[in-house]
Amino acid sequence: MSDEPDFDVVVVGAGIAGTVAAYQLASAGLSVALLERGEVAGAKNLSGGVLYAAVMSQVFPGFLDAAPLERRIDRNQVCFLNEDGWVSIDYADRSLGTQGTAVSVLRGRLDAWLAAQCEAVGVQLLAGFRVDRLLWEGARVVGVVAGDDELHARVVIAADGVNSFLARDAGLRPRQELGQLAVGVKAVVALEPGDLEARFGVGADGGTAMAIVGDCTQGIGGGGFLYTNRASVSIGVVLRLDDLVAKEASSVAVFEHFIAHPFVDRLLAGGEVIEYGCHLVNEGGQAMVGNLVHDGLVVVGDAAGFTLNTGLTVRGMDLAAGSAVAAAQAITEAVAAGDTSAAGLARYPALLRESFVGKDMRTYARAPRFLENPLLYREVGLLAADALHGVLALDGTPRKHLVPTALDAVRRSPMSWGQLARLGLEGVRAL
């Protein structure tokens, strides 16, 4: 590599991790190129999700008011679906919308806005730029290769998503096991805002996030989700890949079964599908996180394995942003010191360990194993429904107190007392 590379930093991938890192680095005075294989930033992202935006508000002042967000989430539901019914835990609180940071987003709109913020601070955005491989000088990464083009940099940031070939090429992450990946099938369904607000019980700016388990996945490990946007709903299933393969099931068929369920059908009635697609999702939690630095290379966001599914929340975007902030600080210091070797970049994993990203990944390290328990996808919902049926189905026969009614439901359940106790203990430890 020549003494003066083309850029201080080349960032591969203009998602949340890539744009946050690029913005921070350019704001610190470094020359940055942001490479995006789509024709525009966000073009390759399957729209939607809940973003916990505390980090984004720190990076981009006024983010909650300026960014193209959908709704502030002030209602959360956890739903257990049975074949014809459902049991829900429903928490609504206006303070979540006014004081919280959970917002629904459509990534096509958000990523384009983030890319524009990057350009405003001097980042050179190169859209339609497909990176083929890393550029090496000996054992050191010195840039990237795209077709006949080479871009040299002091540091390359791999922000290229779940299937990060850059991280794999550098030996930082092994190929993921099937049990660490899931298939997400998702649709965006357009609804009139008035109908949407009436059906979901939210105000003009309020929104709902639902985590759904049980019949929605037909016994396959995973779950369903639903988020309200301004004039649409993002809905889908996430299915653990190893279980899907073992049961020889079709992810599309499972999704169609889910949206036909009475719980969902009433919410989507009259809506129009405006977007539909599938993509891979990290499901392994802490166990998926590999090495984060190599000489001249740093890995962030989904490419590094930073995703958390606790069953109550699914997080990736806030962890991506947090990892990007830590990476940008470490890279800025390393460039200033003239040492962008793995040792010079080691401040990144150190910062990450002490940030909410590292701490939350460790806190929920047991969650993936807990969510593999097949009882969660059928028996738990049936048990809850049976207990509530005994309380609410007043048919003229004498009633029992709540505790005996619940005990009767447990006795009728196919779950043994030992299974139920172990499930409860594992849930306490994991969540």
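Quick test for you: out of Val428, Val391, Val403, pick the one residue that is touching a Leu at 6+ places or on another chain (Cβ under 7 Å), farther than 20 Å from Cys216 by Cα and part of a helix (DSSP H, G or I).
Step by step, each of Val428, Val391, Val403 is checked, and only Val391 is touching a Leu at 6+ places or on another chain (Cβ under 7 Å), farther than 20 Å from Cys216 by Cα and part of a helix (DSSP H, G or I).
Can you tell me which residues in segment 258-275 are closer than 16 Å to Gly184 by Cβ, at pLDDT 95 or above and not β-branched (Val, Ile, Thr)?
Phe258
Let's see how each residue does on (1) closer than 30 Å to Val156 by Cβ; (2) of a type outside the set (S, T, N, Q); (3) in the same structural domain as Val156 (by TED's automatic domain parsing):
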| site | (1), (2), (3) |
| --- | --- |
| Lys44 | yes, yes, yes |
| Pro61 | yes, yes, yes |
| Leu64 | no, yes, yes |
| Val78 | no, yes, no |
| Leu81 | no, yes, no |
| Ala92 | no, yes, no |
| Thr98 | no, no, no |
| Thr101 | no, no, no |
| Leu110 | yes, yes, yes |
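Which of the following residues is more than 16 Å from the chain's Cα centre (by Cα) and either more than 20 Å from Arg107 (Cβ to Cβ) or surrounded by fewer than 23 Cβ atoms within 10 Å (Cβ to Cβ) (or both): Ala253, Ala211?
Answer to the check: Ala253.
Of Arg173, Arg154, which residue is in a strand (DSSP E or B), touching a Ser or Thr at 6+ places or on another chain (Cβ under 9 Å), in contact (Cβ under 8 Å) with a residue 24 or more places away in the chain and among the basic types (Lys, Arg)?
Result of the check over Arg173, Arg154: Arg154.
Going by what's in this entry, would Leu308 be described as in the same structural domain as Ile16 (by TED's automatic domain parsing) and modelled with pLDDT of 95 or more?
No.
Give the residues of segment 120-142 that are exposed (fewer than 15 other Cβ atoms within 10 Å of the Cβ) and free of Cβ contacts under 8 Å to residues at least 24 places away in the same chain, sorted by residue number.
Ala120, Asp132, Gly138
From the list Leu351, Leu345, Leu268, Leu319, which residue is touching a strand residue (DSSP E or B) at 6+ places or on another chain (Cβ under 6 Å) and in the same structural domain as Ala167 (by TED's automatic domain parsing)?
Leu345
List the helices (runs of 4 or more DSSP H) inside segment 259-361, counting only whole elements, that have at least 3 residues being among the aliphatic types (A, V, I, L, M) and within 27 Å of Ala53 (Cα to Cα).
Ranges flagged: 317-337, 347-354.
Which residue, of Gly427, Gly358, Gly344, is buried (at least 19 other Cβ atoms within 10 Å of the Cβ) and under 25 Å from the mean Cα position of the chain (by Cα)?
Gly358
What residue, among those in segment 107-136 that are part of a loop (DSSP other than H, G, I, E, B) and touching a Lys or Arg at 6+ places or on another chain (Cβ under 9 Å), is farthest from Phe200 (Cα to Cα)?
The qualifying residue farthest from Phe200 (Cα to Cα) is Val131.
Being within 15 Å of Cys79 (Cα to Cα), touching a helix residue (DSSP H, G or I) at 6+ places or on another chain (Cβ under 8 Å) and surrounded by 23 or more Cβ atoms within 10 Å (Cβ to Cβ) is the filter here, so list the residues in segment 214-233 that pass it.
Once the filter is applied, which keeps residues that are within 15 Å of Cys79 (Cα to Cα), touching a helix residue (DSSP H, G or I) at 6+ places or on another chain (Cβ under 8 Å) and surrounded by 23 or more Cβ atoms within 10 Å (Cβ to Cβ), segment 214-233 yields Gly214, Asp215, Cys216, Thr217, Gly222, Gly223, Gly224, Leu226.
Can you pull out the residues in segment 324-343 that are among the small types (Gly, Ala, Ser) and within 22 Å of Ile16 (Cα to Cα)?
Once the filter is applied, which keeps residues that are among the small types (Gly, Ala, Ser) and within 22 Å of Ile16 (Cα to Cα), segment 324-343 yields Ala324, Ala326, Ala327, Ala328, Ala330.
Hey, can you tell me all the residues within segment 334-372 that are more than 30 Å from Glu4 (Cα to Cα) and in contact with a Leu (Cβ under 6 Å, 6 or more places away or on another chain)?
Listed by number, the residues that qualify are Val357, Gly358, Tyr364.
If you take the residues of segment 353-367 that are in contact with a Ser or Thr (Cβ under 6 Å, 6 or more places away or on another chain) and among the hydrophobic types (A, V, I, L, M, F, W, C), which of them is farthest from Arg315 (Cα to Cα)?
So the residue we want is Ala367.
Which one of the conditions (1) in a helix (DSSP H, G or I); (2) touching a helix residue (DSSP H, G or I) at 6+ places or on another chain (Cβ under 6 Å); (3) under 28 Å from Ala327 (Cα atoms) does Asp386 fail to meet, given that it meets all the rest?
Answer for Asp386: the failing condition is (3).
The values are calculated or read from the model by the stated rules, or taken from the named source; none is laboratory data. Computed from a prediction, not measured in an experiment: that's the story for all the values here. Here Cβ is always computed from backbone atoms with ideal geometry, including for glycine, and neighbour counts include all displayed protein chains.
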